[in-house]
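Note sheet for the following structure.
The values are calculated or read from the model by the stated rules, or taken from the named source; none is laboratory data. Note that the coordinates shown come from a computational prediction; the quantities given were computed from them, not determined experimentally. Counting neighbours? That spans all protein chains shown, and the Cβs are built from the backbone with ideal geometry, glycine included. Each accessible area value is taken on the protein alone, full model and side chains, heavy atoms only, with ligands, DNA and RNA left out. Shrake-Rupley method; radii C 1.70, N 1.55, O 1.52, S 1.80 Å.
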Amino acid sequence: MSNLKQVSIYTRGITMASGAGGYGAILLYENFRKELCGGFQLSTNNRMDIIAAIESLKALKTRCKVTLYNNNGYLVDAIANNWAIRWQANNWKNSDNKPSANVDLWEQLLLLCSQHDVEFIRIKQCAGNQKYQRCNYVARQAANQQKLPVDEGYQP
């Protein structure tokens, strides 16, 4: 039996019509709850979902057993099916031998995943999950803020 703290994390990344991106996350451990959010002037939905996972894992102070929930197949499948690890091993080329997207974020996420015991689970976006709906709300609020920072890794 593991002595690691068991943490559940719900994440959501979005982009608005303006191109602004936002993310929201809820971290749950026993009776503790923490919300995270942030945004960028321009980004993509995929980048925002990956950033939500990165920021959530960065918030953990010790090695944990994490179940991370998100609806983005690109994010969940890249980790759960080891695609990102294969891209990295193939010098950041995908299965079509083309350059992988979002390498700056995948490198961070893979490092953070190696520091924890993480399972990624894909949830349905409209499943009526209150935690996921809250993540969506705070992600939208973050994306609608004024004077958002630049997503340095975003390449239009």
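Restricting attention to region 114-137, and to residues there that are hydrophobic (A, V, I, L, M, F, W, C) and touching a strand residue (DSSP E or B) at 6+ places or on another chain (Cβ under 9 Å), which single residue is surrounded by the most Cβ atoms within 10 Å (Cβ to Cβ)?
Result: 135.
Does residue 130 satisfy being over 15 Å from the mean Cα position of the chain (by Cα) and over 20 Å from residue 38 (Cβ atoms)?
When the stated conditions are applied, residue 130 passes them.
Checking the structure you have, find out if any residue of region 65-76 is surrounded by 15 or more Cβ atoms within 10 Å (Cβ to Cβ) and farther than 22 Å from residue 123 by Cα.
No - not one qualifying residue is present in region 65-76.
Pairs needed: first member in region 74-101, under 21 Å from residue 45 (Cα atoms) and among the small types (Gly, Ala, Ser); second member anywhere, in a loop (DSSP other than H, G, I, E, B) and open to solvent by 90 Å² or more (accessible area, probe 1.4 Å); C-beta distance under 9 Å; at least 6 residues apart or different chains.
Close Cβ pairs satisfying both conditions: 101/155.
When you scan region 104-115, do you find a residue that is among the small types (Gly, Ala, Ser) and either assigned to a loop (DSSP other than H, G, I, E, B) or more than 18 Å from residue 67 (Cα to Cα) (or both), even just one?
no
Can you run down the residue pairs with Cβ atoms below 6 Å, 6 or more apart or on separate chains, where the first is in region 19-34 and closer than 16 Å to residue 71 by Cα and in contact (Cβ under 8 Å) with a residue 60 or more places away in the chain and the partner is acidic (Asp, Glu) and open to solvent by 10 Å² or more (accessible area, probe 1.4 Å)?
Once the first residue is closer than 16 Å to residue 71 by Cα and in contact (Cβ under 8 Å) with a residue 60 or more places away in the chain and sits in region 19-34, its partners that are acidic (Asp, Glu) and open to solvent by 10 Å² or more (accessible area, probe 1.4 Å) give 26/35.
Would you mind telling me which numbered condition in (1) closer than 30 Å to residue 145 by Cβ; (2) crowded, with 16+ Cβ neighbours inside 10 Å residue 34 fails?
Every condition holds for residue 34 apart from (2).
Given the conditions (1) over 22 Å from residue 29 (Cβ atoms); (2) hydrophobic (A, V, I, L, M, F, W, C); (3) surrounded by fewer than 16 Cβ atoms within 10 Å (Cβ to Cβ), report the number of the one that residue 111 does not fulfil.
That leaves (1) as the condition not met.
Within region 37-81, work out how many residues are in a loop (DSSP other than H, G, I, E, B), under 11 Å from residue 105 (Cβ atoms) and of a type in the set (D, E, K, R).
0
I need a count of the residues in region 85-118 that are aliphatic (A, V, I, L, M) and within 13 Å of the chain's Cα centre (by Cα).
Summing the residues that are aliphatic (A, V, I, L, M) and within 13 Å of the chain's Cα centre (by Cα) in region 85-118 gives 5.
Out of all the residues in region 8-31, which are open to solvent by 10 Å² or more (accessible area, probe 1.4 Å), over 23 Å from residue 155 (Cβ atoms) and not in a loop (DSSP other than H, G, I, E, B)?
Once the filter is applied, which keeps residues that are open to solvent by 10 Å² or more (accessible area, probe 1.4 Å), over 23 Å from residue 155 (Cβ atoms) and not in a loop (DSSP other than H, G, I, E, B), region 8-31 yields 8, 10, 27, 28, 29.
Could you check residue 151 against (1) exposed (fewer than 14 other Cβ atoms within 10 Å of the Cβ); (2) among the charged types (D, E, K, R); (3) modelled with pLDDT of 95 or more and say which number it fails?
The single condition residue 151 does not satisfy is (1).
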